[in-house]
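Visitor: Before I ask anything, let me first share the structure, which is written out below as structure tokens.
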Amino acid sequence: MLEDGVGDEELTPASVLFPIVLRASGPSVLLTQRTDHLKDHPGQISFPGGRVEPADCSPADTALREAQEEIGLSSRHIEILGYLPEYRTSTGFRVTPVVAIVKPPFDLRPDPGEVAKIFEVPLSFLMDTANHQQHSLHYRGKLRHYFAMPYGEYFIWGATAGIIVALSRALAP
């Protein structure tokens, strides 16, 4: 999937964990709010994830390592289900989403240098196409279009919302 505004420039490989938490009240998706001082995407809502490191053997390795580093989520609680198509961002990343089940109980420890907050959103809310809003803004001199899913105090948008939409479409009958 291509974000609006992606050209044929070289993109940095990255991976994110799309963590679906199995709760008694129904499945939810674990998300983070990035700290405001980060260089890339400050303050935004995101999945745990980041750039591929040389020691990472696969997109899953990157996603699991980043989840451990950013929020302290141990891989022993994670069962990888599969991958969504690569998501190419207008901010220079080629992101592989790794969809996984996360089995509670687990303890989370946000890295204060990267993560301001950890929260969960019901999977049913995120998969409901009625909650998939289309927005636009001027970025780098052009009008860009993107998905957004406001949820309470959180504004889920950009690549995170685009990846959620990709899963929703993949699951659609």
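Visitor: Say we join alpha carbon atoms closer than 10 Å with springs in a Gaussian network model of the chain; which of Ala116, Ala63, Ala159 then has the biggest fluctuation?
Guide: Top of the fluctuation ranking is Ala116.
Visitor: Let me ask something else about it. So what's the back-of-envelope 222 nm ellipticity for the chain, counting only DSSP H runs of four-plus at -39500 (n - 2.57) apiece and dividing by all residues, rounded to 500?
Guide: -5500 deg cm²/dmol
Visitor: What stretch of the chain, leaving out the sites themselves, is the longest with no GluC sites (Glu not before Pro) in a DSSP loop having at most 15 other Cβ atoms within 10 Å? Display every interim value, and only then the final one.
Guide: Working: sites that count: Glu9, Glu10, Glu153.
Longest stretch, sites excluded: 11-152.
Visitor: Also: Counting other C-beta atoms within 10 Å, which of Val98, Val29 has the fewest, and how do the rest follow?
Guide: Val29, Val98
Visitor: Cut-off 10 angstrom, C-alpha nodes, Gaussian network model of the chain. Which of Ser25, Ser90, Ser46 fluctuates the most?
Guide: Ser25
Visitor: If I model a spin label at Ser74 and Glu120 as a point 7 Å from the Cα along the Cα→Cβ vector, what separation in nanometres do I get?
Guide: Taking the simple label geometry, Ser74 and Glu120 are separated by 1.8 nm.
Visitor: Which loop-located trypsin sites (Lys or Arg not before Pro) does the range 38-145 contain, where loop means any DSSP state but H, G, I, E or B and the Cβ has at most 11 other Cβ atoms within 10 Å?
Guide: Here the trypsin sites (Lys or Arg not before Pro) that fit, given the DSSP loop and packing criteria, are Lys39, Arg140.
Visitor: For the chain, take the alpha-carbon Rg, divide it by the Kirkwood Rh, and send me Rg/Rh. Let's see the in-between values first.
Guide: Numbers: Rg = 15.2 Å, Rh = 16.3 Å.
Using only Cα positions, Rg/Rh for the chain is 0.94.
Visitor: Another question, then. Please work out how much length the chain gains when fully extended from Asp61 to Arg144, using 0.36 nm per residue of separation minus the C-alpha to C-alpha distance, in nm with one decimal. Intermediate values should be presented prior to the final figure.
Guide: Values: separation 83, 0.36 × 83 = 29.88 nm, distance 3.19 nm.
Going from the current span to full extension adds 26.7 nm.
Visitor: Please report the antiparallel percentage of DSSP beta bridges with both residues in the chain, rounded to the nearest 5. Write out the running numbers ahead of the final one.
Guide: Working: 32 of 43 bridges.
Around 75 percent antiparallel, to the nearest 5.
Visitor: Can you work out ³J(HN,Hα) from phi for every residue in the range 143-151, in order, using Karplus 6.51 cos²θ - 1.76 cosθ + 1.60 and θ = phi - 60°, giving whole Hz and x for Gly and Pro?
Guide: 7, 10, 10, 8, 8, 8, 9, x, 9
Visitor: Moving on. If you bin every alpha carbon distance in the range 87-150 into 10 Å steps from zero, what whole percent lands in each bin?
Guide: With 10 Å bins starting at 0, P(r) equals 13, 30, 42, 13, 1.
Visitor: Only Cα pairs within less than 10 Å get springs; with that Gaussian network setup on the chain, which residue of Ala130, Ala67, Ala148 has the largest fluctuation?
Guide: The residue with the greatest mean-square fluctuation here is Ala130.
Read the figures in this text as sums done on the coordinates, not as results from a lab. These numbers were taken from a predicted model, which means no experiment stands behind them. Neighbour counts are summed over all protein chains in view; Cβ atoms, including those assigned to glycine, are modelled from backbone coordinates with ideal geometry.
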